[in-house]
Every structure is written in structure tokens, then in C-alpha cells.
Amino acid sequence: MIEFSRHQLPNGLQILVYPDYSTPMVAVDVCYHVGSKDEDPERTGFAHLFEHLMFGGSKNIPEYDIPLQQAGGENNAYTTNDMTNYYLTLPKANIETGFWLESDRMLELAFSEESLNVQRNVVIEEFKQRNLNQPYGDVWELIRDLAYRVHPYRWPTIGKEISHIAGASLDDVKSFFYRFYAPDNAALVLSGNVDVDKCLRLAEKWFGPIPARKVKKPLLPAEPEQTVFREKTVERQVPDTAIYLAFHMDDRRSRGYYVCDLISDILSGGDSSRLYQKLIKEERLFIELDAYVSGDHDQGLFLVAGKLSANVSVEQAKQAIWKELDRLKGEPVSVAELEKMKNKLETDHVLAQMNYLNMAQELATWENIEKAELINEQIEFYHAVSAADICETARRLFRAENCSQLNYLAKK
Amino acid sequence: MKVNRTIPPPIRPIEKPLLTPPACILLDNGLPVYPLFSGTQEICKIDFIFEAGTWQQDVPLQAALTNAMLQEGSENYSAGAIAEKFDFYGAYLQHSADHHSGTVSVIALTKHLPNLLPVIEDMVKRPIFPEKEFETIVTRRKQRFLLENEKVKVLSQKKFSEALFGAGYPYAQTTKEEDYEKLQRSRLIDFYRSFYHSNNCKIVVSGRFGDDLTVLLNHCFGGNDWGSKTPVRTTPDPNPSPDRKIFVLKPGAIQSAIRVGKTLVRKDHPDYLPLQVLITILGGYFSSRLMTNIREEKGYTYGIGAHFITLKKAGYLVIATEVDKNYEQATLNEIFLELRRLQQELIGHDELERVRQYLLGDYLRDLDGPFALAANFLGVHEYGLDYDFYEKQYRTILTITPEKLKQLAEGYLHEDTFHTVIAGRESG
């Protein structure tokens, strides 16, 4: 059981406190419930570009990083499809510096044309570094585009194209801030060597005066059920031909999500997993082969991704994967296999608690999904999964009509 | 009362953590065990460290593949059975080989260790290097190697290591595709026999565990059944490239990867700790000179850093970044401008105070968590140093002066002592 407490300020800000006195450090994490799924389809990549601008100074503090470094602190942030998360760590004595910095940029950002110009360029270089200049760097973009027709998960967080980032204006930046950055659309998570009462006093002092902005979340278009098999083939300068099968799956608030996650572990969690033992080691059809869930908070994707051994055809690879997927539908997993999955979860749960910063980020993630309390409830969800659930979910998911297949051919 | 947001909260001094070196317990055969007890969770990491790195190998890939093959089958457990055991108990088995060591590690809930240590015992004492597993692993490694070679950052880093040390020196990464085809299984067995035995091993344990763990370790690893003699290797001297600027062609690359650097001192040199501060100012944190100039002011790159890499027999500085081909020359100009500024101007008071505070915070972060304590122990023990190193590090951060930093820059950062390597597409 992970012990944390929940509090709320009158302006709507949710506060979560997780003490861990084995560390001399504290983490201050602010999660805003806005991600790339909330973007305008013609301005993709904006949530992430905005994350960069959050470091360009705020209303009363011209520079963000410098005072934090003076307090012995360090920070970073990340943007996903679903959320934008800012975190910093400090020696416990200087925790107030974190409240001061984070509250001022929640209050009001220093909107500057200069900062926008530079960060646009930085993000464009990031786009090149991560996507354009990497082998297999455009895979996710291709898969999302194939698997989704209307839901905003159809574009990647970094953005669909460079022109969307290059075209962002200061007016776009301002309206995005006032639309999404507000205490009533955020959670403040404090972890590590923290005193709950002191944290609440500081939260009231620094975050209390920020006005609520009555944030209205955009209603996202629901993805219609896929009814026909989709396939796309591209050719790229890469060493190995790869195949990707993407299946629509349950959202993270549903029990089904946890069944899908366990299925991915059965298929490829660890060296004893089915895909590794059968298709990599025994039949040697693949160099790499993984099954995983995308982890998106709305209905995401279940993926099987493999790099083919030399002289193996895409058709052979596809059939070998389907054989393993079909096996899950009819043949219940053994008691030992299920126990193995649950033992791994127990270790991971303990490992997660060894790091206060990781815990702050986990709590922020669950709060964004629905509520932080799920961090404990999820354990029960996993333990409740039976062999019959796995067969039933496999039958529901692994159908050709629910599959998008990307063939990524190595240019000879 | 309205809070005044223009006044920062007062900054309080950062407490120095107490660091205690671990005891050394000898197993019955003399094998040293270093226990670092800490943490709140009933979990352990155990590292079995053999002096068996690229420094010891006589053909390419020998150290890495010998290490990787330990989990591919032993007298009593097949590769599949080993994987099944660790996965069943929810444990993580890790293996790695670097320049000086080959390591097998396990992370597991402490309660499962009695079921896992006998498997590790069989893996390290009685591996059988099965032919089929060997072929699979070599093929997979080769494909991974080819994939890595598609990346400009990898191409530039490899060429840079060769420029600094010369091909043939163990710190130069010069493995080629054909080395995978030439590698023979028998060379791994030779390497295993020479370097994986109880006289060439140490064990580091971190996390929460009881006295019974030592008994268990002694039972599995304390016997005289796996001792041997370690052959002595002679190593050539480093042979840096006379070419100061080297270009690696990667047709079609949108960005170029830049590496600029030179060899510096080893960890036991009196200038080591002061140089660490200097390199932090240059490019070791978010508001460093390089990041401020090249990312935050010019927007040429997503990131640029200066790193002081510490190896047993050498230390080197490397400035690393990836930029659009069109910013390549401008970026190089700014890098060398920043190196000159450190030699010509005294660092200002505010900047130095900020770096001190940042490094003190970092000092705490580095020592945080049970597994970090093991890394910190090895960070001195492997270099023949003791915990006094961390005392000195703390004092250096607090007391270093602008004059000393300028003097170091003058001594170490002359432009004509640097190597520059760029991997990218052709010009024009």
C-alpha cells in the first residue's frame, strides 16, 4: 500500500503528498491536464512547444533555472498525448524555492517573442534529432496515422510536421496558457523528505492566490470502431525489415487495460516470454520482437513490433506472430505463467517506491488518468485477472479487422 | 496578506550527507564481499564483478560476448531454464561488460535470493557456451551494431575515441562488421577460463538484507572449486591521431553530430576535482555556457553538453551535440569561443556561486538511494581511491576560486590540443 494524502485548495488545485524520509531530497511536481490530444489538428506539436516556453521566465521571475540552481535544484519536464508534467528536485531545506517558482509560472508566463523564436528553433532541432535523423524514427507517426482516423492520438506529441511548429504565434501561446494552465486543471505533487503541514502552508501561501480559470476540457472525437484490416508498406534506409501490428485496446480506466498489459508481459516480458523463446531463440525468425501497450490514457494501441532475420519474408513473420496471438485465444495460460506475471508486478511495485521522484511522477500520471488513488487500486486489478479473462480479451483484440499493419522494408 | 513574488525565499545551506565506506567481508576462499545496507524496501542488488573487460581481451567482442553468454546455458540449467527462474521470481538479471570489468547483477526481492543465487552460481562457475545460442547472439548483436552505425552520434563518438587513443588501444571503439563473423566460440571459452574465477571477482551487495545472506554467498561462491590464475596483459601506449579535425561521411544525414575534446587527467590527479567544476561551468548543467549560448540564445541545437569521462587509465573531455548541417560551422565557432573565454576572463561571482550550489545539490542527488551507494563505492574503489575523495570533492566545490579556474583553463583548454570529429552529410 502506497501511503499518500490528498488535499485541495479553494481554487481547485489538487495537492498530493507522499513522504519518504530515506532521502534528503524533495520533489515538487506540477502536472497540467493538457497534452497533444488537446491540440488543434492544424497546430500539432503545440503542447510540447509550450512546455519549452514554460522555462523562459514568468511574470515576477525573469529566469526560471538560475534561482533553482542557486537553491541546489534541478528540473525537467515532459509532454505526452495526455499530459504535461513539470518536476524539480531540491535539498529539503530549500523546498520553498520550488513552490515560489512553480506558482509564479502557473500565475502568468512572461510571454516574449524572443523566447518563442529561439524555442521554436530548439524544438525543430529536437524534431530532427529524434524523428527525422534516426533509423526507424518515423515509425510511431506512421502507425498512429494508420490506426486512427479521427481521435487526436493520430498525430505524435512532437508534432505532425515542422511547419506546424514553425507557424506558432505569440497569440497562440497566450491563448493556450489561459485555456489550459490553471490551478483547476493541475495537480501539485510533493514527495521525498516532506512535512505535510509545511507543504500545505506553503501551497496556500504560493498557489492559494492564483485564480481558478474554469477550464473547459475540449470534447475529443471518439475513434469509430475499426472494421477492416489496414496495411501500409514503406521502404527506408535501415538495416533490418520490420513489421508492426497495432490493435485498438481498452483505455486506462477500464479493467480491460490491465488484462492487455498482462498479455503483453506473457508475450514478451523477460527472456522466458513466449515470443522471445519461440520466435527469436527457437525458430530464429526475428532479431527483435516485442509486444507492448502504448500506455495512452484514452483507448490506446496494443503493439507487436519485430525486426526480421535475414531471408524471412513479411508474410512468414506475420503468420508466426498470428500463431502466437491465436494461441492466447484458445489455450488458457498456466497457473505458473500467471503467477510469474504477478511476481514481476510485485518487484516492480517495490522498485518504483525506491525513488521519490519516480513516485511523484507516477502519482501525477494516475491523477491525470483519473485519480491518484488508482496507484493502489491497479494492484487489485492485476491480481483479479484470470486465465479466462486473458482468452476473452485476446479474442476481442486480436482480429484482422482490429489490426493495422505497417511493413517497414529495408532498402537494399 | 499579499505575497511578494519578486522576492525569492531565503536559500538555506545544504547539509552534507554522511558517507560510510562498507566493510569488506572475505568468503572462505578470500573472495571479497562489500555490503552496503540501506533503504526501506526488502529488495537487493548483488553485483558479481570480474576484471574482464575490453582491457583484458585479445580479439574484438571477446569480453562482451563471454559476459553475455553466461546466461545462455550452464551444466544444470539451459538458457530457457535460467530465464524462467529469474522471471518466475520477478527478478532482473543483468549483464554488462565495459573497459575493465564484466559484471553479472541481480535485482530481486530479498526473500527470493535463496532460490536465485544457486542459478547464478551455476552460470558463473559452469557455463557451457552452447553453439546454437552463440550463433543467435552473434547475429542479433551484429544487427544491433549495424543499426547503431546508422546514427551520426554513434559514428562521431566511435571516431572520436579512435582519434584520442589510436586504433588498437582498448579505449578506442573500432569494432567492425566482420569481427562478428570472425569471432569463434572457443575464444570465449578461453576468455572465460582466464578471467571468470574466484580470484578475479568481487561482490557488492546493496539494499536491505540480513546476516544470512553472507552465509548463502559463502555457500555458493566461497569454495575453492573455482579459483585460477589471471594472466597478465600488456597494453600498448595510446597513439592519438595527428589529424586534429576528422570528418565521417554519413550520406543523407539531416543533422551532423559533433564531438570536440581531448584527454585530461585521471581520477587520482590533484587537478581532477577542480577540472570537474570547470567542465560543469562549460557544459555540465542546464545553464552552462554552452547551453546558454548555443541552445538558449541561438537555438542551433536541442542540447549540448561537456562531459568529463573518467576511465581507470585515462580521463577525457568531450563536448557533444547534434545540429543541422547548416549550423555546423557556427556551432564549432561558438564552442571554441567559449573555451577561449574561460582562459581569458575570470568567472563572475554570481555564476560561480550558482555552480557551487548546483553541484552541492548534485552531490546529494548522486548519493541518494541504496543502489547509488554501490555505484559511489565502486566510483572510488575501482580507481584505487578511498572515501576521502568525496570529502575533497565537497571541499573543492565550496572553496574553488575564479583564479584557480582560469589558471586551469589556461593549462588545459588550448584550442590546438583538441580533436574535432564531425559525422554528417557532404557539404553543399
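Peptide A:128-141 has a mean shielding of 4, counted as Cβ atoms of other protein chains within 10 Å of each residue's Cβ.
With a 10 Å cut-off between alpha carbons and a GNM built on chain B, which of B:Pro114, B:Pro13, B:Pro274 moves the most? Maximum fluctuation in the GNM of chain B, among the listed residues, is at B:Pro13.
Picking from A:Thr241, A:Thr233, A:Thr79, which is most flexible by a Gaussian network model of chain A using Cα springs under 10 Å? In this elastic network of chain A, the residue with the biggest mean-square fluctuation among A:Thr241, A:Thr233, A:Thr79 is A:Thr233.
Phi angles across the range A:312-319 convert, under the Karplus curve 6.51 cos²θ - 1.76 cosθ + 1.60 with θ = phi - 60°, into 3J(HN,Hα) values of 9, 8, 4, 4, 4, 4, 4, 5 Hz, Gly and Pro given as x. Angle of helix A:387-397 to the longest C-alpha principal axis of chain A, folded into 0 to 90 degrees and rounded to 10: 90°.
Using the Cα coordinates of the range B:270-373, the gyration tensor eigenvalues translate into equivalent-ellipsoid semi-axes of 25, 17, 15 Å, sorted from longest to shortest. 3J(HN,Hα) couplings calculated from phi for the range B:71-80 with the Karplus curve 6.51 cos²θ - 1.76 cosθ + 1.60 (θ = phi - 60°) are, in sequence order, 9, 9, x, 9, 4, 9, 9, 6, 4, x Hz; Gly and Pro show x. Stretching B:Asp179 away from B:Asp28 to a fully extended chain increases their span by 50.3 nm, per 0.36 nm per residue minus the current alpha-carbon distance.
Quick one: putting +1 on the C-beta of Lys and Arg, -1 on the C-beta of Asp and Glu, what dipole do you get for chain A around its Cα centre, in Debye to the nearest 20?
Numbers: 46 positive and 63 negative charges, 157 e Å.
Its charge dipole is roughly 760 debye.
Compactness of the range B:245-424 was expressed as the Cα radius of gyration divided by 2.2 N^0.38 Å, which yields 1.07. Which FRET efficiency, nearest 0.05, do B:Arg425 and A:Ser112 yield, Cβ-Cβ r, R0 41 Å? Efficiency computed from Cβ-Cβ geometry: 0.75. Restricting the trypsin sites (Lys or Arg not before Pro) of the range A:138-221 to loop positions (DSSP other than H, G, I, E, B) with no more than 10 neighbouring Cβ atoms within 10 Å leaves A:Lys214, A:Lys216. Each Lys and Arg contributes +1 and each Asp and Glu -1, all at the Cβ; summed about the Cα centre of the range B:245-424, the dipole is approximately 440 debye.
By the beta-carbon count within 10 Å of each Cβ, the least crowded to most crowded order of A:Arg252, A:Arg120, fewest first, is A:Arg120, A:Arg252. Assign one of three labels to the protein assembly as shown, namely rounded, prolate or oblate, based on the Cα gyration tensor with a ≥ b ≥ c the square roots of its eigenvalues; rounded applies when a/c is under 1.5, prolate when it is not and a/b is larger than b/c, and oblate otherwise. Note, shape of the protein assembly as shown comes out rounded. Between the Cα long axis of helix B:370-381 and the first principal axis of chain B there is an angle of about 80°, rounded to the nearest 10.
The longest part of chain A holding none of the exposed loop GluC sites (Glu not before Pro), meaning those outside H, G, I, E and B in DSSP with at most 10 other Cβ atoms within 10 Å, is A:226-412. Sorted ascending by nearby beta carbons within 10 Å, beginning with the fewest, B:Met123, A:Met1 become A:Met1, B:Met123. As a proxy for reagent exposure, ranking A:Tyr292, B:Tyr358, A:Tyr276 by other Cβ atoms within 10 Å from fewest up yields A:Tyr292, A:Tyr276, B:Tyr358.
For chain B, set up a Gaussian network in which alpha carbons nearer than 10 Å are linked by springs, and say which option among B:Arg266, B:Arg144, B:Arg126 fluctuates the most. Result: B:Arg144 has the largest fluctuation of those listed. Taken about its Cα centre, the protein assembly as shown carries a charge dipole of roughly 1000 debye when the Cβ of each Lys and Arg holds +1 and the Cβ of each Asp and Glu holds -1.
For chain B, the longest principal axis of the alpha carbon atoms and the long axis of helix B:349-366 meet at an angle near 10°.
Take each residue of peptide A:62-75, count the partner chain Cβ atoms within 10 Å of its Cβ, and average: the result is 6.
Taking a ≥ b ≥ c as the square roots of the eigenvalues of the Cα gyration tensor, the range A:218-312 is oblate, since a/c reaches 1.5 or more and a/b is not larger than b/c.
Backbone geometry of the range B:388-400 corresponds, through the Karplus equation with coefficients 6.51, -1.76 and 1.60 at θ = phi - 60°, to 3J(HN,Hα) couplings of 4, 3, 6, 4, 5, 4, 4, 5, 4, 4, 6, 10, 4 Hz, x marking Gly and Pro.
Taking the empirical scaling 2.2 N^0.38 Å for compact globular proteins as reference, the range A:5-207 has a Cα radius of gyration ratio of 1.07. Among the residues of B:77-87, the average count of other protein chain beta-carbon atoms within 10 Å of the residue beta-carbon is 4.
With a ≥ b ≥ c taken as the square roots of the eigenvalues of the C-alpha gyration tensor of chain B, please select rounded if a/c is under 1.5 and otherwise prolate if a/b is larger than b/c or oblate if it is not? Oblate shape, in that a/c is at least 1.5 and b/c is the bigger or equal ratio.
Approximating the spin labels as points 7 Å out from Cα along Cα→Cβ, the B:Glu131-to-A:Arg179 distance works out to 6.6 nm.
The shape of the range A:230-410 can be summarised by an equivalent ellipsoid whose semi-axes, obtained from the alpha carbon gyration tensor, come to 29, 18, 17 Å from longest to shortest.
Any read-out appearing in this document is the output of simple, stated calculations on the displayed coordinates, not a laboratory observation. Here the structure is a predicted model, which is why all the values come from computation and not from measurement. FYI the Cβ positions are ideal-geometry reconstructions off the backbone, even for glycines, and counts take in every protein chain you see.
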